[in-house]
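> I have a structure here, written as structure tokens, and I will follow up with some questions on it.
The values are calculated or read from the model by the stated rules, or taken from the named source; none is laboratory data. These numbers were taken from a predicted model, which means no experiment stands behind them. Cβ placement follows ideal geometry from the backbone for every residue including glycine, while neighbour counts extend to all protein chains displayed. The area values use the complete protein model at the heavy-atom level, side chains included, leaving out ligands, DNA and RNA. Shrake-Rupley method; radii C 1.70, N 1.55, O 1.52, S 1.80 Å.
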Amino acid sequence: RALSAMGHFTYMSIPEFVGHSSGVATTCLAAAQVLSFDSAETLTVHRAALVHDLGRAAVPVRIWSKRKSLTLDDWEQIRLHAYHTERILAQSPFLSDLVPVAGFHHERVDGTGYHRGVGSSSMERPARVLAAADAYHAMTEPRPHRPALSRGAAAEVLAGEAKAGRLDPEAVAAVLEGSGHSAA
């Protein structure tokens with residue numbers, strides 16, 4: 001409950017994001033079940049999903065709530081939220097174990113993600129699931145600078161990301177199945 005409260009607190013000043021972390025956490029639990037994660041991996045991915053966006057608090061609200069297209073500078077600041085999440089979690093002996101999952105939620109298996117730009121060899125299975133679940137949820141949620149995609153359209157984009165080698169195909173399949181999409 002404490003981690004859930006932390007995740008919810010992150011979005012207090014950004015109403016469009018309320019519920020994102022809890023939705024991602026629910027999707028991660030469903031995907032973990034599909035993949036037969038053991039209890040430790042399941043607990044890790046669930047906890048990491050609840051707090052994966054803590055670093056959003058370090059990015060000015062004016063950027064998150066911007067209604068027009070985001071600038072390159074805006075995107076650079078947004079990309080740093082994963083770094084800030086890591087820094088926040090690393091301060092606590094209890095939460096520091098979540099860094100290799102929560103801090104990697106925007107990394108991609110082909111190394112094109114951020115903030116580190118690492119590839120699959122650096123990403124644990126829970127991190128791969130969190131990356132896929134976060135991407136799926138973000139696409140299905142409206143943002144001030146863009147509308148939400150339908151669940152079906154988001155599923156197609158997510159599957160395309162796996163096919164292109166950016167997201168882990170096994171994690172994407174589990175996220176989609178856990179979200180109620182039929183297996184392709």
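> Show me the helices of the chain, taken as full DSSP H stretches, that run 15 Å or more along their long axis by Cα and average -0.5 or above in Kyte-Doolittle hydropathy.
Helix filter hits for the chain: 20-34, 39-51, 125-140, 151-163.
> By average Cβ neighbour count within 10 Å, what is the ranking of 39-47, 156-164 from highest down?
39-47, 156-164
> Something else now. Of (1) 9, 30, 30, 18, 9, 3, 1, 0; (2) 10, 39, 40, 10, 0; (3) 8, 33, 34, 18, 7, 1, which one was derived for P(r) over Cα pairs in 10 Å bins from 0, in percent from the structure shown?
Structure-derived value, by its label: (2).
> If you don't mind, there's one more thing I want to ask. How would you order 72-81, 7-16 from highest to lowest mean count of nearby Cβ atoms within 10 Å?
My ranking of the peptides, most packed first, is 7-16, 72-81.
> Taking the radius of gyration and the Kirkwood hydrodynamic radius from Cα positions alone, what is the Rg/Rh ratio for the range 22-112, to two decimal places?
1.02
> Once neighbouring chains are kept in place and the probe is 1.4 Å, which whole percent of the accessible area of the chain is contributed by carbon and sulfur?
Looking at the chain in its full context, I get 57 percent from C and S.
> Under Stokes-Einstein, with the Kirkwood radius over Cα pairs standing in for Rh, what whole-number D in µm²/s applies to the range 123-180 at 20 °C and 1.002 mPa s?
189 µm²/s
> Give me the three principal axis extents of the range 75-184 from the C-alpha atoms, as integers in angstrom, largest value leading.
40, 32, 24
> How large is the dipole of the chain about the Cα centre if only Lys and Arg carry +1 and Asp and Glu carry -1, each at its Cβ, rounded to the nearest 20 debye?
580 debye
> Right, here's the next one. Based on the mean of other Cβ atoms within 10 Å per residue, sort peptides 116-128, 83-95 so the most packed one is first.
With the highest mean Cβ count within 10 Å placed first, the list reads 116-128, 83-95.
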